[in-house]
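The next block holds one structure in the form of structure tokens; read it before the comments.
The values are calculated or read from the model by the stated rules, or taken from the named source; none is laboratory data. All of these numbers come straight from a predicted model, not from anything done at the bench. Here the Cβ is made from the backbone with ideal geometry for all residues, glycine too, and neighbour counts use every protein chain on show. Only protein heavy atoms, including side chains, enter the accessible area calculation; ligands, DNA and RNA are left aside. Shrake-Rupley method; radii C 1.70, N 1.55, O 1.52, S 1.80 Å.
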Amino acid sequence: VLRNYRGDVLILCGDIPFVTAGTLDKLIVTHRDNKNCGTILTIIPDNPAGYGRIKRNGSGNVLSIVEELNATKEERAIKEVNAGIYVFNKDKLFSALKDVLPDKIKKEYYLTDVVSILASRGEKIGTYTTGDSDECMGINSIKDMEKAKEFLLKRRKE
């Protein structure tokens, strides 16, 4: 389907229903204005437990996304986390996908590995951080559903 497509690909996780069109627009504009190969939507939640951490070098360049299960104690202390929404240059994304290997612990293939693959090739990976981490909440359990209900009621009142 994308064989002849030239451009950027927006990737969204299906369990993040509250992200706004405005946030997606800002992510895409950031991606294009900075001429990034890839751009990650990030958040800085009160509790980053369960999220992949955005690992940067001393210059602030994105090196990788480290899944919490694989993170060191120092990496778990990183507050900026992956919200699970990305924009990538299509050709470079598809090239990097060929090099993704199964995770050593879970034996699963992580899309997030594309970030470190592209960064190691010298490609520019950027981020856009939304100020409303609640809009990026994932809904994967009954507890998450209850939190989502509270969020919707709060949003309705506003």
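The residue pairs whose first member lies in region 73-87 and is closer than 15 Å to V62 by Cα, whose second member is of a type in the set (V, I, T) and open to solvent by 60 Å² or more (accessible area, probe 1.4 Å), and whose beta carbons are closer than 8 Å, counting only pairs six or more residues apart or on different chains, are K79/I44; E80/I44; V81/I44.
Scanning region 51-69 for residues that are in contact with a Phe, Trp or Tyr (Cβ under 9 Å, 6 or more places away or on another chain) and either surrounded by fewer than 18 Cβ atoms within 10 Å (Cβ to Cβ) or outside any strand (DSSP E or B) (or both) returns G52, E67, E68. Sub-9 Å Cβ pairs linking a first residue in region 7-31 that is among the hydroxyl-bearing types (S, T, Y) to a second residue that is outside any loop (DSSP other than H, G, I, E, B) and open to solvent by 30 Å² or more (accessible area, probe 1.4 Å), at least 6 apart or interchain, are T23/Y128; T30/T127; T30/Y128, ordered by first then second residue. Filtering region 72-90 to residues that are among the charged types (D, E, K, R), more than 23 Å from G14 (Cα to Cα) and out of contact with any helix residue (DSSP H, G or I) (no Cβ under 8 Å at 6 or more places or on another chain) leaves K73, E74, E75, K79. When R155 is tested against (1) within 19 Å of the chain's Cα centre (by Cα); (2) in a helix (DSSP H, G or I); (3) among the basic types (K, R), only condition (1) is not met.
Condition first: open to solvent by less than 60 Å² (accessible area, probe 1.4 Å), among the charged types (D, E, K, R), touching a helix residue (DSSP H, G or I) at 6+ places or on another chain (Cβ under 9 Å) and within 22 Å of N140 (Cα to Cα). Can you find one or more residues in region 15-33 that meet it?
yes
The residues of region 99-150 that are part of a helix (DSSP H, G or I) and touching a Gly at 6+ places or on another chain (Cβ under 8 Å), listed by number, are V114, V115, L118, C136, D144.
Residue check: is S116 modelled with pLDDT of 95 or more, open to solvent by 80 Å² or more (accessible area, probe 1.4 Å) and closer than 26 Å to T30 by Cα?
Values: modelled with pLDDT of 95 or more: yes; open to solvent by 80 Å² or more (accessible area, probe 1.4 Å): no; closer than 26 Å to T30 by Cα: yes.
In short, no.
Open to solvent by less than 50 Å² (accessible area, probe 1.4 Å) and assigned to a helix (DSSP H, G or I): does that describe A83? No, not satisfied.
Counting only residues that are closer than 24 Å to D134 by Cβ and modelled with pLDDT of 95 or more, which one in region 34-50 is surrounded by the fewest Cβ atoms within 10 Å (Cβ to Cβ)? Even if it seems obvious, please write down each step before you answer.
So in region 34-50, the residues closer than 24 Å to D134 by Cβ come out as 39-50.
Then drop every residue that is not modelled with pLDDT of 95 or more, which leaves 39-44.
Numbers: T39: 27, I40: 28, L41: 27, T42: 26, I43: 22, I44: 14.
By that ranking, first place goes to I44.
Please list, ordered by first then second residue, the pairs with beta carbon atoms under 7 Å, 6 or more apart or interchain, first in region 129-153 and free of Cβ contacts under 8 Å to residues at least 12 places away in the same chain and more than 17 Å from V81 (Cβ to Cβ), second aliphatic (A, V, I, L, M) and outside any helix (DSSP H, G or I). Correct list of pairs: M145/I139. Annotation note: of E135, E123, the sole residue that is crowded, with 16+ Cβ neighbours inside 10 Å and at pLDDT 95 or above is E123.
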